[in-house]
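Trainee: Mind looking over this structure? Questions follow.
The values are calculated or read from the model by the stated rules, or taken from the named source; none is laboratory data. Predicted model only: the values in this text are computed from it and were never measured. Don't worry about glycine lacking a Cβ; one is built from the backbone with ideal geometry, like all the others, and counts go over all protein chains shown. Ligands, DNA and RNA are excluded from the accessible area calculation, which covers all protein heavy atoms including side chains. Shrake-Rupley method; radii C 1.70, N 1.55, O 1.52, S 1.80 Å.
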Amino acid sequence: MTAPTSAPAAAPARTTVGIVGAGPAGLLLARLLHAAGIDCVVLESRDRAYVEQRQRAGILEQGTVDVLRESGAAERLDREGLPHDGIELRFDGRAHRIDFPALTGGRRVWVYAQTEVVKDLVALQLVDGAPLLFEAQVTGVTGADSSAPTIHYTHQGVDHTLACDYVVGCDGFHGVVREAIPVEARQTFERTYPYSWLGILADVPPSSDELVYAHSPRGFALLSMRSPTVSRLYLQVPNGTDPADWSDDRIWDELDARFALADSDWKLARGPITAKSVLPMRSSVTEPMRHGRLFLAGDAAHIVPPTGAKGLNLAAADVTVLAQAFTALHRTGSTQLLDAYSATCLNRVWRAEHFSYFMTTTLHTDPSQSPFDTRLQLSQLDRIATSPHAAAELAANYAGLPLN
Ligand SMILES: Cc1cc2nc3c(=O)[nH]c(=O)nc-3n(C[C@H](O)[C@H](O)[C@H](O)COP(=O)(O)OP(=O)(O)OC[C@H]3O[C@@H](n4cnc5c(N)ncnc54)[C@H](O)[C@@H]3O)c2cc1C
């Protein structure tokens, strides 16, 4: 029997909360609303296989794990996820470990790929969740300012409308919902970076039990993992790099050079590379995250460079706050939390934006940077390695700040 791709096959014509996008934000929001007895519908432009296989984030903060557990979506995560109690920083040929529980009063992170989070949430939703339509391309939202916003979409070649009490854009950075907010009512703050990441997946056990972030004169490198048998590694490369220009041997040699330690001949274990892609780096925040009855959550409202592992976690935090607000409205009629949604989230978003920017600019080599700039980076890294206060600040941000 083949797995269903939509449940049910046809979307209702109206719902309480119309959710655009079945990434982590949209799926988790639907799960939380369904559990609270709030009617919703999820519309996703791609098919199920595409959504489930899209390689992206892999680090879950404590708070993200907590909300996945509360929503009943963590059974496999608890079995297969890898709890991590620290990261290693490498710079100037030496290694320094950041111990999260010791520095944060017990917080840690989990390695569990975004693909797996999405698979778990889709499976639950199709069994007992709210309607989820794949290959439903949203073309626009009208009436954001009115009491009856409408989502316009195309499904199986037919144009439809979905009348909603509220619309939530969980449709990622390139989504359409943000465009329904008049330009004069929103502001976007952005920064691009003069480098990208070349990311690989390799069928080889990770060469370190914990993530390794390396600052080197040749540029940044990151050792990460997806499972005990699959490594995920990244190299800083110039913008516009074509992955085809990087042979497997060249990638492994460059990774070894960037992770090199002065007092050991540590080398990466090598294995077959199964995927190569280039990821540009950008920071962006759109404010406010609400206009009338339209809300933005996750990448639809903000993106970060992946160095701080914050993107997926911010998306989970936004929808947790939003679900609490819709639940309060549903139970008590109070709009207080909904009215506070944008300000509540932006507080946390800007902290994560700063942390991601800090990690990125401290660890990467800007092509225009001077020897003075490099000395400043090394001084900052040395401060983290020698000051418990500086290390605690990094650990608290990395492991994730409490939701409220
Ligand atoms: C290539 C890449 C690599 C990344 N790597 C990392 C990483 O290593 N670490 C990290 O922390 N973060 C990483 N991120 C960021 C992280 O994956 C995102 O922050 C996270 O996916 C945000 O979830 P979301 O649900 O808000 O958006 P998304 O996951 O982007 O989901 C949006 C959904 O909306 C759908 N959609 C879009 N437009 C429409 C439409 N018109 N109609 C209907 N549906 C629509 C999309 O198909 C998609 O399924 C990466 C992001 C990218 C793009």
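Trainee: Considering only region 9-108, give the strands (runs of 3 or more DSSP E) lying wholly within it that have at least 2 residues that are within 30 Å of Pro388 (Cα to Cα).
Mentor: So the answer is 59-61, 82-84, 86-91, 94-99.
Trainee: Every residue in region 290-309 that is open to solvent by less than 10 Å² (accessible area, probe 1.4 Å) and either small (Gly, Ala, Ser) or within 12 Å of the ligand (Cβ to nearest atom) (or both), please.
Mentor: Leu296, Ala297, Gly298, Ala300, Ala301, His302, Pro305, Thr307, Gly308
Trainee: Also: If the requirement is being within 25 Å of Phe91 (Cβ to Cβ), in a helix (DSSP H, G or I), touching a residue at least 40 places away in the same chain (Cβ under 8 Å) and not hydrophobic (A, V, I, L, M, F, W, C), which of these qualifies: Arg258, Arg232, Arg191?
Mentor: Step by step, each of Arg258, Arg232, Arg191 is checked, and only Arg258 is within 25 Å of Phe91 (Cβ to Cβ), in a helix (DSSP H, G or I), touching a residue at least 40 places away in the same chain (Cβ under 8 Å) and not hydrophobic (A, V, I, L, M, F, W, C).
Trainee: Mind checking which pairs have a first residue in region 85-107 that is among the hydroxyl-bearing types (Ser, Thr, Tyr) and a second that is open to solvent by less than 50 Å² (accessible area, probe 1.4 Å), Cβ under 8 Å, 6 or more apart or different chains?
Mentor: From region 85-107, the pairs are Thr104/Ala392; Thr104/Ala395; Thr104/Ala396; Thr104/Ala399.
Trainee: For region 43-87: of the residues being hydroxyl-bearing (Ser, Thr, Tyr) and under 18 Å from the mean Cα position of the chain (by Cα), which is surrounded by the most Cβ atoms within 10 Å (Cβ to Cβ)?
Mentor: Start the filter on region 43-87 by keeping residues that are hydroxyl-bearing (Ser, Thr, Tyr), which leaves 45, 50, 64, 71.
Narrowing the set further to residues that are under 18 Å from the mean Cα position of the chain (by Cα) leaves 50, 64.
On the way: Tyr50: 12, Thr64: 27.
So, considering only residues that are hydroxyl-bearing (Ser, Thr, Tyr) and under 18 Å from the mean Cα position of the chain (by Cα), the one surrounded by the most Cβ atoms within 10 Å (Cβ to Cβ) is Thr64.
Trainee: May I pose another question? So which residues in region 310-331 are near the ligand (Cβ under 9 Å from one of its atoms) and assigned to a helix (DSSP H, G or I), if there are any at all?
Mentor: Matches in region 310-331: Gly311, Leu312, Asn313, Leu314, Ala315, Ala316, Asp318, Val319.
Trainee: Mind counting the residues in region 102-134 that are of a type in the set (A, V, I, L, M), open to solvent by 50 Å² or more (accessible area, probe 1.4 Å) and within 15 Å of the ligand (Cβ to nearest atom)?
Mentor: Of the residues in that region, 0 qualify.
Trainee: Being more than 30 Å from Ala257 (Cα to Cα) and either part of a strand (DSSP E or B) or in contact with a Gly (Cβ under 9 Å, 6 or more places away or on another chain) (or both) narrows it down to one residue among Val168, Val117; which is it?
Mentor: Exactly one of Val168, Val117 is more than 30 Å from Ala257 (Cα to Cα) and either part of a strand (DSSP E or B) or in contact with a Gly (Cβ under 9 Å, 6 or more places away or on another chain) (or both), namely Val168.
Trainee: Here's something else I'd like to know. Considering only region 171-182, how many residues are in a loop (DSSP other than H, G, I, E, B) and either within 25 Å of Ala262 (Cβ to Cβ) or within 16 Å of the ligand (Cβ to nearest atom) (or both)?
Mentor: 7
Trainee: Pull out all pairs, ordered by first then second residue, where Cβ-Cβ is under 6 Å, the residues are six or more apart or on different chains, the first lies in region 209-224 and is farther than 18 Å from Phe358 by Cβ, and the second is within 16 Å of the ligand (Cβ to nearest atom) and in a loop (DSSP other than H, G, I, E, B).
Mentor: Filtered contacts from region 209-224: no entries.
Trainee: Also, I was wondering about something else. I'm told Ala185 meets every condition in (1) closer than 20 Å to Ser284 by Cβ; (2) within 16 Å of the ligand (Cβ to nearest atom) except one. Can you identify the failing condition by its number?
Mentor: Every condition holds for Ala185 apart from (2).
Trainee: Another one. Yes or no: region 345-361 includes at least one residue that is open to solvent by 70 Å² or more (accessible area, probe 1.4 Å), among the polar types (S, T, N, Q) and in a helix (DSSP H, G or I).
Mentor: Yes, there is a match, as at least one residue in region 345-361 is open to solvent by 70 Å² or more (accessible area, probe 1.4 Å), among the polar types (S, T, N, Q) and in a helix (DSSP H, G or I).
Trainee: Also, I was wondering about something else. When you scan region 135-163, how many residues do you find that are within 14 Å of the ligand (Cβ to nearest atom) and surrounded by 21 or more Cβ atoms within 10 Å (Cβ to Cβ)?
Mentor: 6
Trainee: If the Cβ limit is 7 Å and pairs must be 6+ apart or interchain, which residue in region 307-318 that is under 12 Å from Val65 (Cβ atoms) pairs with which residue that is in a helix (DSSP H, G or I) and within 7 Å of the ligand (Cβ to nearest atom)?
Mentor: Cβ pairs passing all conditions: Leu312/Pro24; Leu312/Gln114; Ala316/Pro24.
Trainee: Check Asp39 against each of (1) open to solvent by 10 Å² or more (accessible area, probe 1.4 Å); (2) in contact with an Asp or Glu (Cβ under 7 Å, 6 or more places away or on another chain); (3) touching a residue at least 24 places away in the same chain (Cβ under 8 Å); (4) more than 14 Å from the ligand (Cβ to nearest atom) and name the one condition it does not meet.
Mentor: Condition not satisfied by Asp39: (2).
Trainee: Next question, about the same structure. Let me confirm something: among Ser334, Ser277, which residue is within 12 Å of the ligand (Cβ to nearest atom), more than 17 Å from Trp350 (Cα to Cα) and among the polar types (S, T, N, Q)?
Mentor: Every option except Ser277 fails the conditions.
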